[in-house]
Ligand code: 13P
């Protein structure tokens, strides 16, 4: 099975409704029917329903940036999987490093969020990645292995399209400092071999593993040409139509 590249824009806490409209319509008009690439945008919760409506008849899929572990009830500020699904999402980002860092999400909590995503038939984009300190002390592989093992524990599915992994080294996010092609290649191969152990080798060879961290239109072609890289999760550069469109195009050329 061919792994179709996935280009996902994580808008983080950006984009009013008005700005969201300009951005998705801009992408849609610039690329009418992308060839052999899947495109996903992850607006803030306030814009999900609006953006889903705008892209309903297009190729663009919508993701949420987070999911509650709870299904419903007195959890002020939380958004459940059924709400996310009902608002038109197919994907949900789980365990982003900003959630781990600023909102103290642990591997166990992320495991529960993975279960919530499954319950509501949302495809999780599970983010893993080491901090600079962890890389410098040579712990990056141990950290990523632990993040994967805990987050995926209890995963029943063997459908490779039901999961996406995003490797996002924390030190490369929003810093303009991309990991080297060698570092990316090495970690993606490691992630795939870890998945072979945690789940099974066939699943591991078919699941998509994205890279994230200062991806832009200048470095995307080189990153996406790496054998074990199946797309990108993009922050800053996904907020500008021309940048995001040219990253999508660089994925179709590979
Ligand atoms: P940047 O592309 O801004 O570095 O952000 C990456 C990211 O965190 C995507 O989830």
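Cβ-Cβ distance below 9 Å, separation of 6 or more or different chains: which pairs start in segment 234-246 with a residue that is more than 15 Å from residue 219 (Cβ to Cβ) and end on one that is near the ligand (Cβ under 9 Å from one of its atoms) and in a strand (DSSP E or B)?
That search, which allows pairs on different chains as well, returns 239/9.
Might you let me know whether segment 158-175 holds any residue that is away from the ligand (no atom under 15 Å from the Cβ), buried (at least 16 other Cβ atoms within 10 Å of the Cβ), assigned to a helix (DSSP H, G or I) and touching a residue at least 12 places away in the same chain (Cβ under 8 Å)?
Looking for residues that are away from the ligand (no atom under 15 Å from the Cβ), buried (at least 16 other Cβ atoms within 10 Å of the Cβ), assigned to a helix (DSSP H, G or I) and touching a residue at least 12 places away in the same chain (Cβ under 8 Å), one finds at least one in segment 158-175, hence yes.
Identify, from the list 101, 65, the residue that is surrounded by fewer than 16 Cβ atoms within 10 Å (Cβ to Cβ) and modelled with pLDDT of 95 or more.
It is 101.
Could you tell me which of the residues 60, 7, 84 is buried (at least 19 other Cβ atoms within 10 Å of the Cβ), away from the ligand (no atom under 16 Å from the Cβ), within 26 Å of residue 252 (Cα to Cα) and at pLDDT 95 or above?
From the options 60, 7, 84, the qualifying one is 60.
Among residues belonging to segment 198-235 that are under 20 Å from residue 128 (Cβ atoms) and in a helix (DSSP H, G or I), point out the one that is farthest from the chain's Cα centre (by Cα).
Ranking the qualifying residues of segment 198-235, first place goes to 201.
Do you know which residues across segment 206-224 are more than 11 Å from the ligand (Cβ to nearest atom) and either closer than 14 Å to residue 7 by Cβ or modelled with pLDDT under 95 (or both)? Talk me through it step by step, then tell me what you get.
First, pick out the residues of segment 206-224 that are more than 11 Å from the ligand (Cβ to nearest atom): 206-209, 217-218, 221-224.
Of everything in segment 206-224, those that are more than 11 Å from the ligand (Cβ to nearest atom) and either closer than 14 Å to residue 7 by Cβ or modelled with pLDDT under 95 (or both) turn out to be 208, 209, 217, 221, 223, 224.
What pairs can you find where one residue is in segment 213-229 and under 23 Å from residue 97 (Cβ atoms), the other is at pLDDT below 95 and away from the ligand (no atom under 16 Å from the Cβ), and their Cβ atoms are less than 7 Å apart, with a gap of 6+ or different chains?
Close Cβ pairs (under 7 Å, with a partner that is at pLDDT below 95 and away from the ligand (no atom under 16 Å from the Cβ)) amount to 224/254.
How about segment 182-203: which of its residues are under 13 Å from residue 229 (Cα atoms) and touching a helix residue (DSSP H, G or I) at 6+ places or on another chain (Cβ under 6 Å)?
Across segment 182-203, the qualifying residues are 190, 192.
In the set 76, 106, which member is in contact with a helix residue (DSSP H, G or I) (Cβ under 9 Å, 6 or more places away or on another chain) and surrounded by fewer than 19 Cβ atoms within 10 Å (Cβ to Cβ)? Give the derivation first.
Working: 76 fails: in contact with a helix residue (DSSP H, G or I) (Cβ under 9 Å, 6 or more places away or on another chain).
That would be 106, the only listed residue that is in contact with a helix residue (DSSP H, G or I) (Cβ under 9 Å, 6 or more places away or on another chain) and surrounded by fewer than 19 Cβ atoms within 10 Å (Cβ to Cβ).
Just to be sure, is residue 184 within 16 Å of the ligand (Cβ to nearest atom), in contact with a strand residue (DSSP E or B) (Cβ under 7 Å, 6 or more places away or on another chain) and more than 19 Å from residue 34 (Cα to Cα)?
In short, yes.
Would it be correct to say that residue 125 is within 16 Å of the chain's Cα centre (by Cα), within 16 Å of the ligand (Cβ to nearest atom) and under 16 Å from residue 230 (Cα atoms)?
Yes: the conditions hold for residue 125.
If a residue counts only when it is closer than 28 Å to residue 131 by Cα and in contact with a strand residue (DSSP E or B) (Cβ under 8 Å, 6 or more places away or on another chain), which helices (runs of 4 or more DSSP H) contained entirely in segment 18-118 have at least 1 such residues?
In segment 18-118, the matching helices (runs of 4 or more DSSP H) lie at 45-55, 97-102.
For segment 227-244, enumerate the residues that are surrounded by 17 or more Cβ atoms within 10 Å (Cβ to Cβ) and more than 15 Å from the ligand (Cβ to nearest atom).
Correct list: 228, 230, 241.
The values are calculated or read from the model by the stated rules, or taken from the named source; none is laboratory data. These numbers come from a predicted model, not from an experiment. Note that each Cβ is placed from the backbone with ideal geometry, even for glycine, and that neighbours are counted across all protein chains shown.
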